[in-house]
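*Asks:* Here you go, one structure.
The values are calculated or read from the model by the stated rules, or taken from the named source; none is laboratory data. All values derive from a computational prediction rather than experimental measurement. Heads up, the Cβs are rebuilt from the backbone with ideal geometry, glycines too, and the neighbour counts pull from every protein chain shown. In case anyone asks, the SASA skips ligands and DNA or RNA and just uses the protein heavy atoms, side chains included. Shrake-Rupley method; radii C 1.70, N 1.55, O 1.52, S 1.80 Å.
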Amino acid sequence: MGDTMTFTAETARAALEGILTALESEEASQKINEAKANASNDMLKVMQYVFPLVVQVEMDVIKKFGFTDNREGIIQFTQMIVALEKEDDVIADLHTQIRAHYLPPVNIATDVSL
């Protein structure tokens, strides 16, 4: 756990790229696609079936970067990524790509006039 103190933007990028590579592996993507098919557009089912698969892949990767592969580790990792993505567009983009595996695209209204 002491290794997480040296968690830099470069380390964050490497971890996120590792997670994306793992998510896009044949085994993981097959499981995730099956879960997505079963959940269809039901967000509750997506969070029940798809999200845990993505988190499991994330935990398998982040343990290589000094995080514990449990709930605390994933929370700590995510908090560090969220903090770093504010200053680093690459990290923000990689994190968005990971979230796209379990979150549907969100259309943000650009016209906010009342």
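*Asks:* Name every residue in the stretch 16-67 that is within 20 Å of E85 (Cβ to Cβ) and touching a His at 6+ places or on another chain (Cβ under 7 Å), in order of residue number.
*Replies:* L16, L23, V54
*Asks:* Residue by residue through the stretch 81-93, note down the ones that are crowded, with 20+ Cβ neighbours inside 10 Å and either among the acidic types (D, E) or under 15 Å from E58 (Cβ atoms) (or both).
*Replies:* I81, I91
*Asks:* Inside the stretch 1-41, can you point out the residues that are open to solvent by 50 Å² or more (accessible area, probe 1.4 Å), part of a helix (DSSP H, G or I) and under 16 Å from H101 (Cβ atoms)?
*Replies:* Within the stretch 1-41, E17, T21, E26, E27, Q30, K31, N33, E34, K36, A37, N38 meet the criteria.
*Asks:* Still on this model: Could you check the stretch 42-76 and list, in sequence order, the residues that are farther than 25 Å from Q30 by Cα and part of a helix (DSSP H, G or I)?
*Replies:* Once the filter is applied, which keeps residues that are farther than 25 Å from Q30 by Cα and part of a helix (DSSP H, G or I), the stretch 42-76 yields F65, E72, G73, I75, Q76.
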